[in-house]
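**Q** Before we start, here is the structure in question, set down as structure tokens.
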Amino acid sequence: MRMNALVMSRSHSSIRLLVAAFAELGVEYQISLSASETIETLAAGHHSALVVDFDLPHAVQVAKLARSIFGKRKPVLFGMIGPETSISGVFQAGANFALYKPLDLLQVLHSLRAAQGFMQADRRRSSRQKSETLVYLQLPRGTTPALVQDVTEQGISIQAAEPLLPMRAVALRFVLPGTAQVVHATGDFIWADGEGRAGIFFQDVPAACRRDLQAWLKKHGAKKSESVRVLLEPQKNRRAIAASH
């Protein structure tokens, strides 16, 4: 199957050149104009490559999230950088290749060909890809997306792009995997580590959302005996959060 790429950019000239390079190599592509759109698209399915314009807002967050949470489905990450962009910062964010603006077709083709061995073809037509689910946390610094790793009736465990500051009464929302049902809730952090992982206990879930959640858990065979255990911090790096948080 053909490889596919997701491009986060608003530069018409860069997009035109990338499209020409994709056409020559037979790579399918999608264009995204914002960080939130890019993260949601990544979560919805597999992409062989992700091209991020690091001159756009939240580009570093997108890169870190893509590199840290998508496991075996990680796309090869290309960072587009301008003269003022720190190349070390781009690679620290997880980029595998740097593309220098203004883009040069030969340079882009060379980088894409060098990455082909690491770019897995999109198998959407031959086997169903697992869809990831994002949770959106309403934090003091703004809305922050994170990947949902486990869902229980008591709470969720998540993976964000950057470390999260534990706090109480955080408003959040997420879509139950495989459905269009949105769960709204507030919850308290019970742990968080330096890698962006955290566990959140629900404190308030509207009755309708609670019913949807219970039905989804029953359908997917969730065990009540594991509902709290899966939310706890892994034993190897467990650090209790003070009750005062």
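The values are calculated or read from the model by the stated rules, or taken from the named source; none is laboratory data. All of these numbers come straight from a predicted model, not from anything done at the bench. Here Cβ is always computed from backbone atoms with ideal geometry, including for glycine, and neighbour counts include all displayed protein chains. Keep in mind that these areas ignore ligands, DNA and RNA; they rest on the heavy atoms of the full protein, side chains included. Shrake-Rupley method; radii C 1.70, N 1.55, O 1.52, S 1.80 Å.
**Q** On a full-extension model of 0.36 nm per residue, what is the gain between residue 98 and residue 41, subtracting their alpha-carbon distance, rounded to one decimal in nm?
**A** Here the answer is 18.3 nm.
**Q** Students sometimes get this wrong: rank 87, 158 by accessible area, probe 1.4 Å, all chains present, largest first. Each step should come with its number before you reach the end.
**A** Values: 87 65, 158 0 Å².
Largest accessible area first, the residues go 87, 158.
**Q** Enumerate the calculated ³J(HN,Hα) couplings along the range 5-17 in order (Karplus 6.51 cos²θ - 1.76 cosθ + 1.60, θ = phi - 60°), each rounded to whole Hz, writing x wherever the residue is Gly or Pro.
**A** 10, 10, 10, 9, 6, 10, 8, 4, 5, 5, 5, 4, 5
**Q** Right, here's the next one. Treating only the Cα positions of the range 26-106 as identical point scatterers, give the base-10 log of I(q)/I(0) from the Debye formula at each q in 0.15, 0.17, 0.18, 0.23 Å⁻¹.
**A** Summing over Cα pairs of the range 26-106 leads to -0.49, -0.63, -0.71, -1.16.
**Q** Gain in length, residue 184 to residue 86, computed as 0.36 nm per residue apart minus the alpha-carbon separation, to one decimal in nm?
**A** 31.4 nm
**Q** Treat each spin label as a single point 7 Å out from the Cα along the C-beta direction, and report the residue 23 to residue 143 distance in nm.
**A** 3.5
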